[in-house]
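*Asks:* The following block contains the structure, expressed as structure tokens.
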Amino acid sequence: MPLKPLDDPTPLTGPTIDVGVRIGWLLRMARLTAPERPAHRLGDMVTRLEWQGLRTSTSSLHRVETGAVRDDRVVAAYEEALALAPHSLRASIDIVCRTFPYSPVDRAPVHRVSSPEEMSRLHEPVLAGVAVGGQWREWARAMAQQGNVGLPVQTAMERTTALARELVRVAGTGYFTRYDALATLRRSSWGSVVREAVAEELCDPHVQIANDTMSAVGEAYDDPTRSWMVGLLADPRDVVAQGAAIGLGAMAEVHGAADFWQPVLPELVRLYNDAGPEGERWRWLSHLMRLLPPAELATVRSLLDHAPAPVGESLRAEGRDALVHECQRQAEEAAAALQLPYQPLLARLLFEVVGEGRSSRSHASVVLLSALPAVRDACVDAIIHMAENHPDPAMRRRAASRVNMLVVDHLPHATRDRLVSAHELTPDELRWAARAGIRLSSDVLQRALSEQVPLFGPLGVLVAMGLSGSPLLSEILADPEWSDEVRGAAAWWARTGSRLVDPLPSPTED
């Protein structure tokens, strides 16, 4: 008998979500879509897990796969049995559960690293600079354990900086294992080291990416960090102001208290009034205003000098139904491509990626969809279809931007062919190409630099160049005719490095 499809019964834009059912769905999809050897029956999975030494039953796995039980030991066993990247599922589940404080508690105790030999084993790849995502995560979890003073502070600072620098350029599941590692350190007694490392990275006047590291900093709350992030909203660099907004949104969600915004509300109002009504800073401050609880927003509404940035008709309540139906249609096609029955939870997650105003919630959906390569690629097809064809221009822009977090090598065939042959691309299309491993011609990149920088700034073009390791970076650095902004961005990428992808695990024989 086919398994009943899983769904999240909570209201679409309500205050909470069903985290347990999402975890269960992730494990079920992992079993059904594993790239090397999927297990189409629960009984087959029971047998595989028993070969690994984990005794279980179909009824026990059914409880895990429906979200009734959260058990890290079972998740680890799924990764091994299905030849998935080590820690890929565990990192994704931990990130989502930390984001929502009401998430189910893991009933499997965390393994305690207690011997010098084991700690030394975890330090080795990190100190040698060769750690992959799962090794970073194991190391961070051991470092974060109460009483584990694993390294001198300066050494920990250097390794944390290296982790942050890898995070901004890594693709695939290696991104989420590294993000989880940095966020885990941030929530531990090493939290001040993480904040200091990220703050030092922001001191580079030409920093190109800040969202990822600032989100990790936002995963732990303290008054000084909240005030520091609010202050960064006034930074003249749009990328830093955007990162601060992302970090504050993450901190508000993790903090969970209704009075989170109250102490900084007057400063937010002042910054909002100074910023608008145009530009990136205004748009991100508008985003923060939408995150305010309705009662607090009501107290300051009369103090706002201008209306918030528009969100597009598809993202307003009156246009939301059409977007929901489109996500359902795309989920049907994605499920068919995966040779699965319709997955209503997939439609819900697609909606949250493209239509959810709370960045922490949309990011959590990206995290779940990215954990499984086959599901991720099917969702890339769905969201790029919306980016290229949706009737609402605001919706097309948002889909084009948010799909970037999902693109790893794969693009729809027609889109890939168009990007390879096009003479001119938008900033988002340039980033799609770079994340998909497409090496664009120097003519396309030079045209983008000369034509788009006045409109978009160097970010879109230089991100594509940086991630792809374009030889044009060296030419820009050697040519004083380019502006300080462009040359500075090129220098940042030259120091940071190009796109990083962890090697795939080698499947073991059944």
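*Asks:* Scanning segment 98-109 for residues that are under 24 Å from the mean Cα position of the chain (by Cα) and more than 17 Å from residue 253 (Cα to Cα), which turns out surrounded by the fewest Cβ atoms within 10 Å (Cβ to Cβ)?
*Replies:* Only one residue tops the list, namely 105.
*Asks:* Follow-up. Quick one: what pairs do we get from segment 106-133, first residue closer than 12 Å to residue 150 by Cβ, second of a type in the set (Asp, Glu) and open to solvent by 20 Å² or more (accessible area, probe 1.4 Å), C-beta under 6 Å, 6+ apart or different chains?
*Replies:* Short answer, once both residue conditions are applied: 122/138.
*Asks:* Which of the residues belonging to segment 270-282 are outside any helix (DSSP H, G or I) and either among the aliphatic types (A, V, I, L, M) or surrounded by fewer than 18 Cβ atoms within 10 Å (Cβ to Cβ) (or both)?
*Replies:* Of everything in segment 270-282, those that are outside any helix (DSSP H, G or I) and either among the aliphatic types (A, V, I, L, M) or surrounded by fewer than 18 Cβ atoms within 10 Å (Cβ to Cβ) (or both) turn out to be 277, 278, 279.
*Asks:* Now for a separate question. Of all residues in segment 240-269, which are charged (D, E, K, R) and part of a helix (DSSP H, G or I)?
*Replies:* 253, 267
*Asks:* Looking at segment 168-227, which of the residues that are open to solvent by 20 Å² or more (accessible area, probe 1.4 Å) and aromatic (Phe, Trp, Tyr) is farthest from residue 100 (Cα to Cα)?
*Replies:* 190
*Asks:* Within segment 377-388, does at least one residue satisfy the condition of being more than 18 Å from residue 412 (Cβ to Cβ) and either surrounded by fewer than 23 Cβ atoms within 10 Å (Cβ to Cβ) or touching a residue at least 24 places away in the same chain (Cβ under 8 Å) (or both)?
*Replies:* Among the residues of segment 377-388, not one is more than 18 Å from residue 412 (Cβ to Cβ) and either surrounded by fewer than 23 Cβ atoms within 10 Å (Cβ to Cβ) or touching a residue at least 24 places away in the same chain (Cβ under 8 Å) (or both), which makes the answer no.
*Asks:* Related question: Search segment 400-427 for residues that are open to solvent by less than 30 Å² (accessible area, probe 1.4 Å) and pair each with any residue that is of a type in the set (Phe, Trp, Tyr) and part of a helix (DSSP H, G or I) when their beta-carbon atoms are under 6 Å apart and the residues are at least 6 apart or on different chains.
*Replies:* 407/432; 427/456
*Asks:* Step by step: first the residues of segment 452-464, then only those that are buried (at least 24 other Cβ atoms within 10 Å of the Cβ) and within 17 Å of residue 484 (Cβ to Cβ), then the one that is modelled with the highest pLDDT. Which residue is that?
*Replies:* 462
*Asks:* Here is a further query. Just a yes or no: is a residue in segment 260-282 in contact with a Pro (Cβ under 6 Å, 6 or more places away or on another chain) and under 23 Å from residue 16 (Cα atoms)?
*Replies:* No: zero hits.
*Asks:* Just to verify a result, which residue in segment 336-348, among those that are on the phi < 0 side of the Ramachandran plot and without any contact (Cβ under 8 Å) to a residue 24 or more places away in the chain, is least open to solvent (accessible area, probe 1.4 Å)?
*Replies:* Residue satisfying both the conditions and the ranking: 347.
The values are calculated or read from the model by the stated rules, or taken from the named source; none is laboratory data. What you see is a predicted model, and the numbers here were worked out from it, not measured in a lab. Reconstructed Cβ throughout: ideal geometry from the backbone, glycine too, with neighbour counts over all protein chains shown. Note: accessible area is taken over every heavy atom of the protein model, side chains too, but ligands, DNA and RNA are not part of it. Shrake-Rupley method; radii C 1.70, N 1.55, O 1.52, S 1.80 Å.
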